[in-house]
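The values are calculated or read from the model by the stated rules, or taken from the named source; none is laboratory data. None of these values were measured; they are calculated from a predicted model. In this analysis, Cβ positions are derived from the backbone assuming ideal geometry, glycine residues included, and neighbour counts consider all displayed protein chains.
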Amino acid sequence: MVLLVEDDVEKFTTREAHRRVHARHEAGCRDRAAGVSPFLGRDVDFQGESMTTAADIMHQNAQCIDEGETLDVAARMMRDMGVGALPICGSDKRLKGIITDRDIVLRCVAEGRDCRTTTAADLAQGTPFWVDEEAEISEVLQGMIEHRIKRVPVIRDHQLTGIISESDLARALPEQQLAQFVEAMKSGPADQVPGAGTRPHLTHH
């Protein structure tokens, strides 16, 4: 499979997302200082005429790493593609999990395990939260907020067809909805590492 997002595009959209987020954060701070809440509650209303489906904004044909591949291979793939996470797929091309650069550092290297013998499947825990291609963007956003994740696999007929990341949201969402999403993500605990007394980022759908 082919990764359609080039490094320069990914870097640009990430910088743009950060710029937009920073501007909205400053505005939110001013609102709070004035006693006005820019974001009410955890259940965000992301509905709006700009909303569409997961298939419309996802990275199509996102590249998987085979569940039997070792973590040194995964790390080189991430480096070469300029990404921080890879879906884990089996021989049937079905999603088995997601591995991030953070997983490799904290759950392999920091624990003294060998990246040349530890496989992607060794780090895959449970079934990751995913959405169907036809899911509304409001469902995607609420799921990302609930599970505290920055990337969501998109599934059709039990097979991975793409991934939605924060950079996709930065491109697709109107500024107000992007700000609501960022504010909601910041309102909860930071992402934690499974196995360290914290809630795992891989959760059953």
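Inside region 88-138, can you point out the residues that are in contact with a strand residue (DSSP E or B) (Cβ under 6 Å, 6 or more places away or on another chain), under 21 Å from Val154 (Cβ atoms) and assigned to a helix (DSSP H, G or I)?
Ala120
What is the residue count in region 71-97 for residues that are surrounded by 18 or more Cβ atoms within 10 Å (Cβ to Cβ) and either polar (S, T, N, Q) or touching a Phe, Trp or Tyr at 6+ places or on another chain (Cβ under 8 Å) (or both)?
1
Does Pro189 satisfy being at pLDDT below 85, loosely packed, with under 13 Cβ neighbours inside 10 Å and at negative phi?
yes
Restricting the search to region 104-149, which residues are under 21 Å from Ser167 (Cβ atoms), in contact with a His (Cβ under 9 Å, 6 or more places away or on another chain) and either of a type in the set (A, V, I, L, M, F, W, C) or in contact (Cβ under 8 Å) with a residue 24 or more places away in the chain (or both)?
Matches in region 104-149: Pro128, Phe129, Trp130, Val131, His147, Arg148, Ile149.
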